[in-house]
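Visitor: Please find one structure pasted underneath; my questions will follow.
Just so it is clear, none of the values below were taken in a lab; they were calculated from the coordinates. Model, not experiment: these values are computed from the prediction. Because the Cβ atoms are built from the backbone with ideal geometry, glycine has one as well, and the counts that use them run over all protein chains shown.
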Amino acid sequence: MNIKNQNKTILILEDERPLLEAIKAKIKTEGFRAVTAKSVPQALDYLKKGAKIDLIWLDHYLYGKEDGLDFMAKIKQDGSAWKNLPVFVVSNTVSPDKIQVYLKLGVKKCYTKVDFRLDQIIADIKQFLKSGKKI
């Protein structure tokens, strides 16, 4: 466990329970705190309760009517308290044109799940949180 990561919390927004649990376990193994949500309203409710979040792990398709783009539009709008939260999109189903929309909305990086191992994505997250610079 990395002591430096203990003060960092990652909000995981993912609708597939087995994958959500695997991500959460790996993030905790790396010394981060992890909180989870399966839908846009659940994630927004968590943020509205004032939890300190350092980074968001976001899937594109989520439970309910809203997807990751809807979530991004809400948190990145003018006046949002969460406008500057870094977001990493990790999805198998996001198309190249939607990736461009995510990037325009301020996502730090987009990953295709099948092309990256969990430890690779988390290594990028650790590097980003340490340096604060885009990967």
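Visitor: Magnitude of the Cβ-charge dipole of segment 3-131, K/R +1 and D/E -1, about the Cα centre, nearest 20 debye?
Guide: 540
Visitor: Next question, about the same structure. Given a cut-off of 26 Å, name the pairs among K65/K130; K48/K109; K24/K52; K49/K98; K26/K104; K49/K74 whose C-alpha atoms lie farther apart than that in the structure shown.
Guide: The pairs that break the limit, which is 26 Å between Cα atoms, are K65/K130; K49/K98; K26/K104.
Visitor: Also, I was wondering about something else. For the chain, what does the helix formula give at 222 nm: sum of -39500 (n - 2.57) over DSSP H segments with n ≥ 4, over the residue count, nearest 500 deg cm²/dmol?
Guide: For the chain, the value works out to -11500 deg cm²/dmol.
Visitor: If you bin the C-alpha pair distances of the chain every 5 Å from 0, what whole percents do you get?
Guide: With 5 Å bins starting at 0, P(r) equals 2, 10, 22, 26, 23, 13, 4, 0.
Visitor: Taking the Cα-to-Cβ direction at A81 and at L129 and moving 7 Å from each Cα, how far apart do the two end points lie in nm?
Guide: Distance between label points: 2.1 nm.
Visitor: Here's another thing I want to ask about it. Top mean-square fluctuation among G64, G79, G106, Gaussian network model of the chain, C-alpha springs under 10 Å?
Guide: G79
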